[in-house]
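So the structure is just underneath, and the comments pick up after that.
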Amino acid sequence: MQATTQMFETDDFIRISFQDEPRNKKPIGIHWLQAATAGPLNGPEARTIQTFRIPSLLGAALAALCVFQIGTLLYSRRVGLVAGLAIACGLLLSTEAGIAKTDAALAGFTALAYLGLAKLRLPAAGPATDWAPWALWVGLGMAALIKGPIGPLLVILSGLMLLAWERDFAWVKRALHWPSMLVAAVIVLPWYIAIWQATNGQFFFDAVGQDLAPKLLSLIHI
């Protein structure tokens, strides 16, 4: 919230700062989403916390809806409903939905990518399947803009495990849909290029070396 507010104060929507220090940890996505809600609704200078929390609330809702749809696609509507309600009412997601940070929004767009993957895995159904690659790649693009490689890494590893388990490569061709892949690139690349130029690459060194790498190492040790 503070970093987003400072973007309005400095008119700099590329670099992320917390007070006088660069905040080279997570990409810009959550700050842009917060700016899109806090700016028009009440103005960032008012620091009304509820307006900064809206992206998290919407992200949690998107996650629950996508889980519902995935369960419906793979099993039945009843299974999907139970799964969607379970994740929506779970302590972790329901808590994150009320916090102005990255995780609930990341969950929503990662779930959207998983929904696209689940639909692509099913036999091709003509126009009914046309939205699946868009869901996959837009979800991956937004997840990468919110928290770097975490969301895309989960989906890609799931896809690789699915290929190894089922030995069915038919859905991969449907997933390689260049218009939706181009949209994902448009979502991600402009800011990544801009922040590289604005910080001379320091953002990536700090984000990987000081934030991402220690977390990955801690998981390996566990």
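The values are calculated or read from the model by the stated rules, or taken from the named source; none is laboratory data. Quick caveat, the model's predicted, so the values are computed rather than measured. Methodologically, a virtual Cβ is constructed for each residue, glycine included, from the backbone with ideal geometry; neighbour enumeration extends over all protein chains shown. These area figures cover heavy atoms from the full protein model, side chains too; ligands, DNA and RNA do not enter into them. Shrake-Rupley method; radii C 1.70, N 1.55, O 1.52, S 1.80 Å.
Under a 1.4 angstrom probe, counting protein chains only, how are LEU153, LEU115, LEU91, LEU33 ranked by accessible area, largest first?
So the residues, ranked largest to smallest area, are LEU91, LEU153, LEU33, LEU115.
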Gyration tensor verdict on the stretch 82-144 (Cα atoms; rounded if a/c is under 1.5, prolate if a/b is larger than b/c, oblate otherwise): oblate
Solvent-accessible area, 1.4 Å probe, carbon plus sulfur percent, for the stretch 115-203: 75 percent
Rounded if a/c under 1.5, otherwise prolate or oblate - the stretch 122-217, Cα gyration tensor axes: oblate
Solvent exposure, largest accessible area first (probe 1.4 Å, DNA, RNA and ligands not counted), of GLU96, GLU166, GLU9: GLU9, GLU166, GLU96
Heavy atoms of ILE99 accessible to a 1.4 Å probe, total area in Å² rounded to 10: 60 Å²
Area of VAL67 that stays accessible when all protein chains are in place (1.4 Å probe, Å², to 10): 40 Å²
At R0 = 45 Å, FRET efficiency that the Cβ-Cβ distance of ALA198 and ALA61 yields, to 0.05: 0.85
Ratio Rg/Rh, restricted to the stretch 22-142 and using Cα atoms, in which Rh is the Kirkwood radius: 1.05
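What does the charge count near HIS177 come to, summing +1 for each Lys or Arg and -1 for each Asp or Glu among other residues with Cβ under 13 Å from its Cβ?
+2
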Sequence of THR48, THR110 when ordered by accessible area, the most exposed leading, probe 1.4 angstrom: THR48, THR110
Computed label-point distance, nm, for sites ARG167 and LEU189 using a 7 Å Cα→Cβ extension: 3.7 nm
LYS25 - accessible surface, heavy atoms, 1.4 Å probe, Å² rounded to 10: 100 Å²
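Expressed as cubic angstrom per residue, what is the convex hull volume of the alpha carbon set of the stretch 33-89? If you can, show how the numbers build up before the last one.
Values: hull volume 3.8 nm³, N = 57.
Per residue, the Cα convex hull of the stretch 33-89 comes to 67 Å³.
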Kyte-Doolittle at least 1.0, axis length at least 15 Å by Cα - qualifying DSSP helices, the chain: 49-74, 77-89, 131-147, 150-166, 178-199
Accessible area of the chain divided out per residue, in Å², using a probe of 1.4 angstrom: 55 Å²
CD proxy at 222 nm, helix term only [per DSSP H run n ≥ 4: -39500 (n - 2.57); per residue of the chain; nearest 500]: -23500 deg cm²/dmol
Percent breakdown of C-alpha pair distances by 5 Å bin, ordered from the shortest bin, for the stretch 59-104: 5, 29, 27, 19, 12, 6, 3
Mean projection area, nm², convex hull over Cα of the chain: 13.8 nm²
Potential lengthening between LEU160 and PHE205 on full extension [0.36 nm per residue; Cα-Cα distance subtracted]: 13.4 nm
Extension gain (nm, one decimal) between ALA36 and LEU122, 0.36 nm per residue minus Cα-Cα: 27.4 nm
Placed amide H near SER17: partners under 5 Å, 5+ positions off or other chain: ARG23
Those trypsin sites (Lys or Arg not before Pro) in the stretch 151-194 that DSSP places in a loop and that have at most 14 other beta carbons within 10 Å: ARG167
